[in-house]
1. Of the accessible area of the range 42-86, with the probe set at 1.4 angstrom, what percent is carbon plus sulfur?
2. May I ask you to list the lysines whose Cα is less than 26 Å away from that of LYS101, ignoring any residue fewer than eight positions away on the same chain?
3. Return the aspartates and glutamates within reach of LYS98: Cα separation strictly under 18 angstrom, same-chain partners fewer than 8 residues apart disregarded; answer none if there are no such residues.
4. Name the long-range amide H neighbours of VAL61: under 5 Å, sequence gap of 5 or more, or other chain; modelled H, no Pro or chain starts.
5. Where the only charges are on Cβ atoms (+1 Lys, Arg; -1 Asp, Glu), what is the dipole of the chain about its Cα centre, to the nearest 20 debye?
6. ³J(HN,Hα) across the range 83-91 via Karplus (A = 6.51, B = -1.76, C = 1.60, θ = phi - 60°), whole Hz, x for Gly/Pro?
7. Using amide H atoms built in the peptide plane, which far-off residues or other-chain residues are under 5 Å from THR15 H to H?
8. Considering just Cα atoms, how many Å³ per residue does the convex hull of the chain enclose?
Amino acid sequence: LTELLEIFFRMHDPTTPNQQGADKGPQYRSCVFVKSEERAVALDEIAAQRENFTSPIVTQVVDATGHKFWPAEISHQDYFNSSPKAKYCMFVIHPKLKKVKHKKYTYAAARRSVEEQ
């Protein structure tokens, strides 16, 4: 979980409520869904990240127990790999991936980590 949270904090701005880049609305809030026993780890990681940002971190840590999750629509699944020339991929996703590459993370590794949870 710690490694996944490191990737999370490198790839997005956790200081803007209800916004990521140009995308705005509550669906773009900074939020981490965890199993209840992982909550303390997530909160510790958020506290450790505070020194890396000048604004307060607004990331919510939510217990995933009891929440229902659905697969993304087919057009959103594996979007970066299937649409590498799309403007969103070139100007938003690719620069975010470059931020984590020097830490030896890859999109595939991040995805495997999520799938293992």
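The values are calculated or read from the model by the stated rules, or taken from the named source; none is laboratory data. Please read these numbers as outputs of a predicted model, since none were measured by experiment. All Cβ positions, even for glycine, are placed from backbone atoms using ideal geometry, and neighbour counts span all protein chains on display. For the accessible areas, the whole protein counts, side chains as well, though only heavy atoms, and no ligand, DNA or RNA atoms are used. Shrake-Rupley method; radii C 1.70, N 1.55, O 1.52, S 1.80 Å.
1. Solvent-exposed carbon and sulfur of the range 42-86 make up 54 percent of the total.
2. LYS101 reaches LYS85, LYS87.
3. GLU3, GLU6, ASP13, ASP78
4. VAL32
5. 560 debye
6. Karplus values, whole Hz, x for Gly and Pro: 9, x, 8, 5, 4, 4, 5, 5, 9.
7. Residues meeting the amide H criterion: VAL58.
8. 122 Å³
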